[in-house]
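Report on one structure; see the data block that follows.
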Amino acid sequence: MLWIPSKAVPRSIAAMEDWIIHGAIMAVAAVLLVYARLNQGSWNSFVVYTLLFFTIYSLLTEFVQRFIPGRSFSWSDVIANLTGVVIVLVAVSLYRLRNRE
C-alpha cells in the first residue's frame, strides 16, 4: 500500500520486484520482532504467533487494497509476505539449533 506501481514499468519486471519487495519488507519486520523477543519465552510458540500475526496482517492489508482505486487483493503478495517471514524464522531457528549449549 505504500507504493502504487507505475504503469511505465514492464509487467514481468514489476511483478518480480513487487514479490521481492513484499518479502524483504516482511523479512525486516520479522527480524525486528525476533530481535525484540530474544531470550524471552518459548521459541516454538513465538514462531506460531509470529506466523499467525503476519498471516492476518497480510490478509488484512490485501483486503483493504480492494477499496483503493488501482489496487486489488493479491494472493501472490500474501505468499511473498509470508515467504519473507518464513525465511527469517527458519534462519534464526537453524542458528539457534546450531549454537545450543
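Quick note: the coordinates plus some simple rules give every number you see, no bench work behind them. These numbers were taken from a predicted model, which means no experiment stands behind them. For neighbour counting, all protein chains shown are included, and Cβ atoms are generated from backbone atoms with ideal geometry for every residue, glycine included.
Throw me the Rg/Rh for segment 25-98, computed over C-alpha atoms with Kirkwood Rh, two decimals.
1.06
What is the calculated FRET efficiency for Ile20 to Ser45, with r their C-beta to C-beta distance and R₀ = 30 Å, to the nearest 0.05?
0.50
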